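Below is one structure, written out as structure tokens; the observations come after it.
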Amino acid sequence: MALVNPNFAEEIGKPEAFNASACMNCGVCSAVCPMGIELLPRKLFRYVLLGLEDKVQKNSETIYSCLLCKMCEANCPAGVHIAENVRSLRYYLNKKVYNL
Amino acid sequence: MPLPTGDTIGILADNLKIRNSVLPISAGSATRWARGLGLPRGGETVIYTGLMYQLIPYITSMNKAQGMIEDTPLADFARVGRFVNRFVNISSLMAIPQSAMQERFDGILVNIARLLRQAGVEPGYMYEDDLYSGALVYDLGMDDVLEEHARKVYRNLKNYGVKNLITVDPHTTNMLRSVYPALIKGYDLNVKSYMEVLAERHAWALRSLEDEVVIHDSCVYARYENVVNEQRTLLTGAGVTVREPADAGRFTLCCGGPAESLYPKKAVAAAERRVEQLKAAGSKVVTMCPICLVNLQKAAHNQINIEDISVYLARAYCPE
């Protein structure tokens, strides 16, 4: 059973910057990721939208492994601000998990 | 045990907050490249290094130490390290640079200053006040620390009366041109990379190199700052045939460098993948970012020759 935080997407930060809901889950980002990160970014963004805070926290290594190189963003047909979204997740983890 | 994420980020952010750089270096090491060039202090137009090239020899040495403790029980000592680092600059004890590497990276900055002068630009320099931009801390999501630092950098630039910044690397270009304006109300500095300045001024080569290189674009120049054509124009003008690897220009493949601070092994694996693409296109490669240069070189094991683009440009555009 998953614990859902209905306010999670808002807690991640600036709603205008975190535009994960534009993602249509096509998978191009995963296919072109130079790190071969299958989870990033589409599944991760879905966890945020679904309020699955635990799942996001468990995947912190994936979140910090992203190169922010924007290869995914350059290929994204939905114009998702992927790199900025990943940075928002780091900001959240820094505060919530690492108390920075 | 991997490097502890929170403590590693904490050390980098603490350093920026307390010592103005993620990896503090002495003013002497930061400004040594400019000795003998007679660059005036400050001015309306300055060459702004953001310490990126100067930091690389220190970062390399630090990463070697990190690589040795990554996935060992010693990684846990980073927790203690963060506490101690607030009082004693332990990162400076871990990062002892190789002098040959320092000379090489200082030489790149000298090339850039000479190229600008040759193109009719007489930039000033801020010497010990040429501060790090905070790029790494921004990438790691430490927005509050970055914002405070950005204000400090901007105040410093305004105190010097600077209006135009000529940057030398993609990360500093991106921070000062695209990130700072979103953080600082009224930000009014004009920022261009030296390659953009040279291309705009239609720099004229003194000799044709009759050479051929594979170009490795920086992700930040290509996808964040749309700097893709200038480097090609300048190389072509120098009589250099530009060979494009698989994944080039706007779709360039990352060198893996951004993973270096937390996951050194992943960074090398990514660099190895890029080196394979570059090798398939030719044996001489040019980069335009110090992080790309050092990370690709590490993965190339001397199988290809990798140089900063300024090395080729200085040979063609500057007097001997």
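Numbers at a glance
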| item | result |
| --- | --- |
| The one condition in (1) part of a helix (DSSP H, G or I); (2) at pLDDT 95 or above that B:Arg79 fails to fulfil | (2) |
| Top-ranked residue of the range B:218-244 - restricted to ones that are touching a residue at least 24 places away in the same chain (Cβ under 8 Å) and hydroxyl-bearing (Ser, Thr, Tyr), ranked as nearest to the other protein chains (Cβ to nearest Cβ) | B:Tyr224 |
| Qualifying positions in the range B:181-197 - under 27 Å from A:Leu67 (Cα atoms) and surrounded by fewer than 23 Cβ atoms within 10 Å (Cβ to Cβ) | B:Pro181, B:Ala182, B:Leu183, B:Ile184, B:Val191, B:Lys192, B:Glu196 |
| Some residue of the range B:306-318 being of a type in the set (D, E, K, R), within 12 Å of another protein chain (Cβ to nearest Cβ) and either without any contact (Cβ under 8 Å) to a residue 40 or more places away in the chain or out of contact with any Gly (no Cβ under 7 Å at 6 or more places or on another chain) (or both) | no |
| Filtered residues of the range B:82-138 (kept if part of a loop (DSSP other than H, G, I, E, B), at pLDDT 95 or above and surrounded by 17 or more Cβ atoms within 10 Å (Cβ to Cβ)) | B:Ala119, B:Val121, B:Pro123, B:Met126, B:Asp130, B:Leu131, B:Tyr132, B:Ser133, B:Gly134 |
| Filter result (more than 19 Å from A:Cys33 (Cβ to Cβ) and in contact with an Asp or Glu (Cβ under 8 Å, 6 or more places away or on another chain)) within the range B:269-286 | B:Ala281, B:Gly282, B:Lys284, B:Val285, B:Val286 |
| Check on B:Tyr160, under 30 Å from B:Glu272 (Cα atoms) and out of contact with any strand residue (DSSP E or B) (no Cβ under 6 Å at 6 or more places or on another chain) | no |
| Residue within the range B:274-290 that is farther than 19 Å from B:Phe105 by Cβ, under 20 Å from the mean Cα position of the chain (by Cα), modelled with pLDDT of 95 or more and not basic (Lys, Arg) present | yes |
| Breaking point among (1) surrounded by 16 or more Cβ atoms within 10 Å (Cβ to Cβ); (2) touching a residue at least 40 places away in the same chain (Cβ under 8 Å); (3) among the basic types (Lys, Arg); (4) closer than 22 Å to A:Thr62 by Cα, for B:Lys266 | (2) |
| Residue within the range B:164-175 that is among the β-branched types (Val, Ile, Thr), in contact with a His (Cβ under 9 Å, 6 or more places away or on another chain) and buried (at least 24 other Cβ atoms within 10 Å of the Cβ) present | no |
| Out of B:Val84, B:Val80, B:Val168, sole residue that is of a type in the set (A, V, I, L, M), away from chain A (no Cβ under 14 Å) and out of contact with any helix residue (DSSP H, G or I) (no Cβ under 7 Å at 6 or more places or on another chain) | B:Val80 |
| Of all residues in the range B:245-256 being within 21 Å of the chain's Cα centre (by Cα) and closer than 23 Å to B:Tyr312 by Cα, the one that is nearest to the other protein chains (Cβ to nearest Cβ) | B:Cys254 |
| Subset of the range B:203-213 [at pLDDT 95 or above, surrounded by fewer than 22 Cβ atoms within 10 Å (Cβ to Cβ) and in contact with a helix residue (DSSP H, G or I) (Cβ under 9 Å, 6 or more places away or on another chain)] | B:Ala205, B:Leu206, B:Arg207, B:Ser208, B:Leu209, B:Asp211 |
| Residue pairs meeting the criteria (Cβ under 9 Å; at least 6 apart or on separate chains; first assigned by TED's automatic domain parsing to the domain that holds B:Trp33 and more than 19 Å from B:Trp33 (Cα to Cα), in the range B:91-102; second among the small types (Gly, Ala, Ser) and assigned to a loop (DSSP other than H, G, I, E, B)) | B:Ser92/B:Ser26 |
| Residues of the range B:1-43 satisfying the condition of being among the charged types (D, E, K, R) and touching a strand residue (DSSP E or B) at 6+ places or on another chain (Cβ under 8 Å) | B:Arg41 |
| Which listed residue is in contact (Cβ under 8 Å) with a residue 24 or more places away in the chain, farther than 18 Å from B:Ala267 by Cα and away from every other protein chain (no Cβ under 12 Å), from A:Val97, A:Val80 | A:Val80 |
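The values are calculated or read from the model by the stated rules, or taken from the named source; none is laboratory data. As the structure is a computational prediction, the values presented were derived from the model and not from experiment. Cβ atoms come from the backbone with ideal geometry, glycine included; neighbour counts cover every protein chain shown.
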